[in-house]
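Heads up: the structure comes next, in structure tokens.
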Amino acid sequence: EEFPARIAEVALWLTDHQVNLTFSKAFGRLYTRIPLKKSPTIRHANALRLDWKELLPPKNCSFILGNPPFIGKHYQKPEQKSDMAQVFGTFANTGDIDYVTSWFVKAAAYTEGTPIRCAFVATNSITQGEQVPVIWGLLLQKYGIKIHFAHRTFIWSNEASGKAHVYCVVIGFSHEEIPKKRLYDLQENGESRYEETNNISPYLTAGPSVFVAKRRKPLGEVPEMRCGCKPSDGGHLLFDAKEIASFLSAAPEARDWLRRFVGSDDLINGVDRWCLWLEDAPPSAFRHIAEVRQRIEAVRQFRLKSSAAPTRKAADTPALFFFSNSPKDAYIAVPEVSSERRRYIPIAIIPASVIPSNKLYIIPSKDHFLFGILSSAMHMAWVKIVSGRLESRFQYSASMVYNTFPWPESAPEKQKDAIRKEVQTILHLRVEHGDGRLGYLETRAPKVPRNTLADIYDPLTMPSALAKAHADLDRAVEKAYRREPFRSDRER
């Protein structure tokens, strides 16, 4: 863009003038370069299509620094995807990575064989989840770069209208090794402090440069985790509390085909939603209900207008969800997105009568041992490092988190039973504090307000008895890994 290039030029002229005035005051002699004849070299161009070596030969360069654009995979325009293809060349796995990574690759190629040092501000997503093995596999293995310093996640905001908040990191790197690296963290008082370490990993932790890649199957002998049901219905098969009352008033005979419908937000914040679930219904049961027929026709029209071929194909079965994966028995549900403030992701055991949305990950099991491991500090230590993030919130993933998690390999049945016992205590305490029957969701909305999982798992309002029960569970889980307790997440 031309305008920022001109702003940069004026800003550098102003800075030059300010320093000249400071110089003049210090030495008692006026020093000025006005009228402005000499200007810095500012090239108005697309940085990803520009030949950096033509702009500045590497032998004349000492540092590269910048604040490149942050554009996630879902928000990239065709020309930006084309920019990335230009930078990455034959490297095919660019579909899941942020636009900002292009500058890291471009800098790594430009500085190869030189002592040039680089540093970029970037979105924290490039140090989390599925992006890490893709982009850092390339940077570490092909280009051999070394991270010299990094600042872990902080919020960057500007003063423009809309107050954009972006969760950022700063990463400094080069091809050369240095003996000590610095890893910075933002403290509660707003100051940044650092620790020195021999190596910084792609997850911005002190430790070796290894990364976790997606897996199709779990590492342990545990049930597979699947995604819940995806309606792709334009909202016509779903109801909130107001809509359900209106619908039942008009079509009371459709009550038998309504089921509770639960996603991440519904599970955590106690939001009541329902869905028309016609998977097991014979056509004769709803064909004569006008309100149901109208909604099914609206789904058909919505899907026919889709740009995606599979969705258009699903218009042939408008009474059914686009993707159905509802267990026949009670199941463990893990929210896809949850707050990073909580010490534990609030998971639940849900009866088969409740339909999970595609915003829940589900495990077809109600085993309290499995529930206990997933609700432990041990599992949370893994989540904090390898899960993706939505802003700063945890974004859970079956392939990146559950399937890669190192389960205790040889825990005897006695230890498993100890974990189950602690889980039973936790679920009873949930009941005591109003969270339904043994952690199960009720199939109908309660008549009186209840505490939600958000209420009882908020670190500021978590009941002390529940916090103690979770601490007891943590100790029971850790004994399945080793005898002595862990002192920190880093040890875990």
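The values are calculated or read from the model by the stated rules, or taken from the named source; none is laboratory data. Model, not experiment: these values are computed from the prediction. Glycine gets a Cβ as well: all are built from the backbone with ideal geometry, and neighbour counts include every protein chain shown. The area values use the complete protein model at the heavy-atom level, side chains included, leaving out ligands, DNA and RNA. Shrake-Rupley method; radii C 1.70, N 1.55, O 1.52, S 1.80 Å.
Annotations
- Estimated at 0.36 nm per residue, the fully extended path between residue 85 and residue 7 surpasses their Cα-Cα distance by 25.1 nm.
- Tensor-based shape of the stretch 315-367 (alpha-carbon gyration tensor, a/c under 1.5 rounded, otherwise prolate or oblate): oblate
- Between amide H atoms placed 1.01 Å from N, distances below 5 Å from residue 100 occur with 71, all of them 5 or more places distant or on a separate chain.
- Separation between Cα centres of the stretch 51-69 and the stretch 325-348, rounded to whole Å: 46 Å
- As a rough guide to protection, the peptides 26-34, 381-389, 178-186, 53-61 ranked by mean Cβ packing within 10 Å, highest first, stand as 381-389, 178-186, 53-61, 26-34.
- Rounded tilt (10° steps) of 377-386 against the dominant C-alpha axis of the chain: 50 degrees
- In Hz, Karplus ³J(HN,Hα) per residue of the stretch 242-247 (6.51, -1.76, 1.60; θ = phi - 60°; x = Gly, Pro): 6, 5, 5, 5, 5, 5
- Between residue 255 and residue 304, the simple spin-label model (points 7 angstrom out along Cα→Cβ) gives 3.4 nm.
- On the basis of the beta-carbon distance and an R0 of 60 Å, residue 74 and residue 29 show a calculated FRET efficiency of 0.55.
- Seen against the Cα atoms of the chain and their longest principal axis, helix 2-27 is set at about 50 degrees.
- Helix axis angle, 101-110 relative to the chain longest principal axis, alpha carbon, degrees: 30 degrees
- Ignoring lysines fewer than eight residues from residue 53 along the same chain, the ones with Cα atoms less than 18 angstrom from its Cα are 106.
- Cα-Cα P(r), the stretch 192-285, percent of pairs per 10 Å interval: 11, 26, 19, 17, 13, 9, 3, 0
- Debye log10 I(q)/I(0) at q = 0.13, 0.16 Å⁻¹ for the stretch 286-414, Cα point scatterers: -0.71, -0.91
- For the residues 36, 466, a 1.4 Å probe over the protein chains yields an accessible-area ranking, largest first, of 36, 466.
- A Förster radius of 30 Å, combined with the Cβ-Cβ distance separating residue 489 from residue 92, puts the computed FRET efficiency at roughly 0.30.
- Local net charge near residue 132, Cβ-Cβ under 13 Å (Lys/Arg +1, Asp/Glu -1): -1
- The stretch 59-193, relative contact order [Cα under 8 Å, separation at least 6], %: 24 percent
- 24 Å Cα-Cα threshold exceeded, pairs from 328/414; 142/214; 73/146: 328/414; 73/146
- The stretch 249-286 residues near the modelled residue 240 label - backbone nitrogen below 14 Å, point 7 Å along Cα→Cβ: 265-266, 270-274
- Rolling a 1.4 Å probe across the protein heavy atoms gives the chain an accessible surface of 53 Å² per residue.
- Over the stretch 21-99, all Cα pairs binned in 5 Å intervals from 0 give whole-percent P(r) values of 3, 10, 15, 16, 12, 12, 10, 6, 5, 5, 4, 2, 0, listed from short to long.
- Sulfur and carbon atoms: percent of accessible area, the chain [1.4 Å]: 53 percent
- Normalised convex hull volume, the stretch 24-182, alpha-carbon set, Å³ per residue: 201 Å³
- Mean residue ellipticity, 222 nm, helices only, the chain: the sum of -39500 (n - 2.57) across DSSP H runs of n ≥ 4, divided by residue count and rounded to 500, is -9000 deg cm²/dmol.
- Between residue 324 and residue 290, the modelled label-to-label distance comes to 2.8 nm, taking each label 7 Å out from Cα in the direction of the beta carbon.
- Taking amide H atoms as placed 1.01 Å from N in the peptide plane, the amide H of residue 365 lies under 5 Å from those of 332, each 5 or more residues away in sequence or on another chain.
- In Hz, Karplus ³J(HN,Hα) per residue of the stretch 405-421 (6.51, -1.76, 1.60; θ = phi - 60°; x = Gly, Pro): 5, x, 6, x, 6, 9, 5, x, 4, 4, 5, 4, 5, 5, 5, 4, 5
- This model, with +1 at the C-beta of Lys and Arg and -1 at the C-beta of Asp and Glu, gives the stretch 53-134 a dipole about its Cα centre of some 200 debye.
- Estimated FRET transfer efficiency when R0 is 30 angstrom, pair residue 177-residue 475 (beta carbons, to 0.05): 0.15
- The relative contact order of the chain comes to 12 percent, based on Cα pairs under 8 Å that sit 6 or more residues apart.
- Charging the Cβ of each Asp and Glu at -1 and of each Lys and Arg at +1, and nothing else, the dipole of the stretch 144-299 about its Cα centre rounds to 440 debye.
- Scoring 231-238, 280-287, 257-264 by mean Cβ neighbours within 10 Å over their residues and listing the highest first yields 257-264, 231-238, 280-287.
- Set of lysines with alpha-carbon distance to residue 421 below 25 Å, sequence-local pairs under 8 removed: 366, 468, 479
- In summary, the chain shows an alpha-carbon radius of gyration equal to 1.19 times the 2.2 N^0.38 Å reference for compact globular proteins.
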